[in-house]
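The values are calculated or read from the model by the stated rules, or taken from the named source; none is laboratory data. Just so you know, these numbers come straight off a predicted model, no measurement behind them. Here the Cβ positions follow ideal geometry from the backbone for every residue, glycine too, while neighbour counts run over all protein chains shown. The protein model used for the area step is the full one, side chains on, heavy atoms only, and it has no ligands, DNA or RNA in it. Shrake-Rupley method; radii C 1.70, N 1.55, O 1.52, S 1.80 Å.
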Amino acid sequence: MRARAAGYLDVCPISWEGKKVLDLGSGCGLTGLCVASAGAIVTMTELPGCTSTLCENCELSLAATPDRWTVKDAVWGVVGDVTAWGQVTDLGYEWDYILGADLIYSDDSTPHLMQTLLHSCRGKTEFIMSFELRRKEDLNFLKGLAEHGFGFRKLPASELH
């Protein structure tokens, strides 16, 4: 799924140059690496203690442009709260884009993801998410986004890379 998300971002009609991007749940960093390579200034995030491979991939792939990327430990939720994953991280809210691939994986984490999005998506921020609908319950996240004023659309297969 991350490869599909990165493939789409590689061909989508967004000029990434100078855009401030937050990549949630970056994993190994494929999505963030793609947009950083296209000129975005990217903060890639992963759970505390899970960023070593992400950092290594950034250092290897983006060595020539160290000013375009940052790796940050991140715990989703209401800023100031403590969750099972640790103290919730304030990721800020001055983002042009927030990206996420395969973020819907646990009924426990999804409400925390929603809180992070509500805090970090302000005004001009666009949230681009890629995920595979695995369970009927996953639709509840999309309903929650709609209830909070997020608009969304499913991309047709013809637009995917």
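Considering only CYS50, ALA146, TRP69, and ranking their Cα positions along the charge dipole of the chain that arises from unit charges at the beta-carbon of Lys, Arg, Asp and Glu, the one farthest toward the positive end is ALA146. Note on ARG122 and ASP96: the extension gain reaches 8.4 nm, defined as 0.36 nm multiplied by sequence separation minus the Cα-Cα distance.
Computed from backbone phi with θ = phi - 60° and the Karplus coefficients 6.51, -1.76 and 1.60, the 3J(HN,Hα) list for the stretch 59-69 is 4, 6, 8, 10, 4, 6, 9, x, 7, 9, 9 Hz; x is used for glycine and proline.
In whole percent, how big is the carbon plus sulfur part of the accessible area of the chain, probe 1.4 Å, protein atoms only?
52
For the pair LEU155 and ALA84, label points projected 7 Å from Cα toward Cβ lie 3.1 nm apart. Taking a point 7 Å from the Cα of GLN115 along the Cα-to-Cβ direction, the residues of the stretch 73-103 with backbone N closer than 16 Å to it are 74-92. Taking amide H positions as modeled 1.01 Å from N, with prolines and chain starts lacking one, the residues under 5 Å from THR45 and 5 or more places away or on another chain are ASP23, GLY25, SER26, LYS72.
Under 1.5 on a/c is rounded, so check that first for the stretch 98-161, then, if it is not, pick prolate when a/b is larger than b/c and oblate when it is not; a ≥ b ≥ c are the square roots of the alpha carbon gyration tensor eigenvalues. Taking the square roots of the gyration eigenvalues as a ≥ b ≥ c, the stretch 98-161 is oblate.
Based on the Cβ-Cβ distance from CYS50 to ASN140, what FRET efficiency comes out when R0 is 45 Å, to the nearest 0.05? List each step's numbers first, then the result.
Values: r = 26 Å, r/R0 = 0.57.
Step by step, r from the Cβ atoms, then E = 0.95.
Each Lys and Arg adds +1 at its Cβ and each Asp and Glu adds -1 at its Cβ; summed about the Cα centre, the stretch 37-161 shows a dipole of about 400 debye. Residues whose amide H lies under 5 Å from that of PHE127, counting only those 5 or more places away or on a different chain, are ILE98; hydrogens are built 1.01 Å from N in the peptide plane. Run the helix sum for the chain: -39,500 (n - 2.57) per DSSP H stretch of 4+ residues, divided by residue count, reported at 222 nm to the nearest 500 deg cm²/dmol. It comes out at -8500 deg cm²/dmol, rounded to the nearest 500. Relative to a virtual label point 7 Å from the Cα of ASP107 in the Cα→beta-carbon direction, which members of the stretch 69-101 show backbone nitrogen distances below 18 Å? Residues 84 fall inside that zone.
Accessible-area rank, largest first, for HIS148, HIS119: HIS148, HIS119, with all protein chains present and a 1.4 angstrom probe.
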